[in-house]
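Here the structure comes first, spelled out in structure tokens, and everything after it is commentary.
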């Protein structure tokens with residue numbers, strides 16, 4: 001039986017953002033008797049739906065202002081940021097200035113490592129990009145590379161897909177429409193022979209065979225992010241996976257200007273095409289409650305081990321859970337953040353400053369903690385090591 005003392009000793013956590021990933025994160029954290037969880041969002045309907053089913057305190061609040069966020073988090077012991085990417089950097093900085101440890105999995109355009117000195121100044125532990133990809137992809141790419149005496153290349157392939165393929169895009173999203181458009185427009189950065197190379201997103205399409213799924217297409221995307229600065233491997237690339245034909249349809253929209261951020265006049269109204277496109281696309285692409293999806297990821301690190309050319313791979317093929325009814329992409333993304341929360345809360349990771357997921361790979365105990373915890377939550381990464389002839 002819970003006592004007054006146990007309630008007082010609970011770590012107070014606030015999750016900022018109650019979207020299709022933030023909501024499940026709050027629910028999963030609230031299942032831990034050591035945590036007292038509050039969920040904040042501007043959407044009252046979403047908050048009401050979650051609070052009706054789960055014992056979570058909810059707050060309706062606009063998270064778009066720096067001072068408001070800083071004041072909001074002041075009374076909490078730890079923050080989880082699940083806001084849309086365009087708010088991510090601002091929210092991260094506000095939480096750091098408030099002196100709060102934070103787990104962040106927003107897909108922000110800015111370089112969060114620029115806040116490292118500020119976080120150290122405020123004695124804050126911040127783990128950023130702690131989702132699926134970026135997130136687990138970074139951690140496992142770095143960990144696999146560390147097991148090679150001379151790592152030469154890293155390739156990350158990742159995608160979330162609906163089980164049922166439907167016209168016209170054969171894709172469904174569990175995150176912000178603006179973040180999805182960012183994935184298709186943000187230039188893709190990768191590393192070739194130790195040099196940074198930049199190409200348009202959706203470029204260099206190739207077919208990839210995935211056991212159990214068949215042929216998927218992979219295209220360049222800006223998923224390496226912090227790995228570009230932190231992992232010293234000569235060749236590194238990340239590609240996004242979709243069903244065949246998806247890339248061409250999105251390229252048509254992009255090349256026709258539907259993703260433009262430059263305002264234009266439509267009659268007497270000034271609009272940004274990207275905002276209109278997001279409004280039109282998201283009802284089509286938003287995954288519905290109970291709609292089955294799957295997540296696939298493959299991380300390939302190659303190099304030399306004991307003088308022999310060696311390949312270390314991590315594979316994930318996760319599917320919609322009919323019991324919890326939480327979408328696969330939400331689980332694989334959000335539960336990585338959940339494990340990072342538990343890692344920090346347990347004092348296993350106490351490094352001050354801003355950490356990327358790959359920094360956790362330096363401690364094998366942290367890697368094992370996260371992988372074992374995810375396995376208990378039904379998310380299984382499999383490893384294989386093979387010689388390259």
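Throughout, read-outs are computed from the coordinates displayed, never taken from laboratory work. Only a predicted model underlies this, so the values are computations on that prediction, with no experimental measurement involved. Cβ: placed from backbone, ideal geometry, glycine included. Neighbour counts: every protein chain shown.
Table for the structure above
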{"quantity": "Highest average packing first - 55-65, 339-349, Cβ atoms within 10 Å", "calculated": "339-349, 55-65"}
{"quantity": "Globularity ratio of the range 242-389, using Cα Rg and 2.2 N^0.38 Å", "calculated": "1.44"}
{"quantity": "Gain upon complete extension [residue 74, residue 386; 0.36 nm per residue less C-alpha separation]", "calculated": "107.4 nm"}
{"quantity": "Extent along principal axes [Cα atoms of the range 278-359; Å; largest to smallest]", "calculated": "52, 35, 31"}
{"quantity": "Fluctuation leader among 26, 266, 40 - the chain, Gaussian network, Cα springs under 10 angstrom", "calculated": "266"}
{"quantity": "Most mobile listed residue (141, 82, 44) in the chain, GNM with C-alpha springs under 10 Å", "calculated": "44"}
{"quantity": "Spherically averaged projected area of the range 201-260 from its Cα convex hull (nm²)", "calculated": "5.4 nm²"}
{"quantity": "Relative contact order [Cα under 8 Å, 6+ residues apart], the range 117-226, whole percent", "calculated": "19 percent"}
{"quantity": "Two-site FRET efficiency, residue 352 against residue 178, from Cβ-Cβ distance with R₀ of 25 Å, rounded to 0.05", "calculated": "0.20"}
{"quantity": "Neighbour-count order for 96, 385, 50, fewest beta carbons within 10 angstrom listed first", "calculated": "385, 50, 96"}
{"quantity": "Contact order relative to length of the range 4-128, as percent, for alpha carbon pairs under 8 angstrom and 6 or more apart", "calculated": "22 percent"}
{"quantity": "Candidates 166, 81, 270, ranked by Gaussian network fluctuation over the chain, Cα under 10 Å, top entry", "calculated": "270"}
{"quantity": "Gap separating the Cα centres of the range 255-276 and the range 217-242, nearest whole Å", "calculated": "30 Å"}
{"quantity": "Two-site FRET efficiency, residue 123 against residue 285, from Cβ-Cβ distance with R₀ of 51 Å, rounded to 0.05", "calculated": "0.80"}
{"quantity": "Cα gyration tensor category, rounded, prolate or oblate, for the range 113-194 with a/c compared to 1.5", "calculated": "oblate"}
{"quantity": "Computed Rg/Rh of the range 4-128, alpha carbon atoms with Kirkwood Rh", "calculated": "0.96"}
{"quantity": "With 20 Å bins from 0: P(r) over the chain, alpha-carbon pairs, percent", "calculated": "28, 60, 12, 0"}
{"quantity": "Percent antiparallel among DSSP beta bridges (both partners in the chain, rounded to 5)", "calculated": "60 percent"}
{"quantity": "Extension gain (nm, one decimal) between residue 210 and residue 306, 0.36 nm per residue minus Cα-Cα", "calculated": "31.6 nm"}
{"quantity": "Value of relative contact order over the chain, rounded to a whole percent, pairs C-alpha under 8 Å and six or more apart", "calculated": "19 percent"}
{"quantity": "Per-residue [θ]222 nm for the chain (sum of -39500 (n - 2.57) over DSSP H runs n ≥ 4, rounded to 500)", "calculated": "-10000 deg cm²/dmol"}
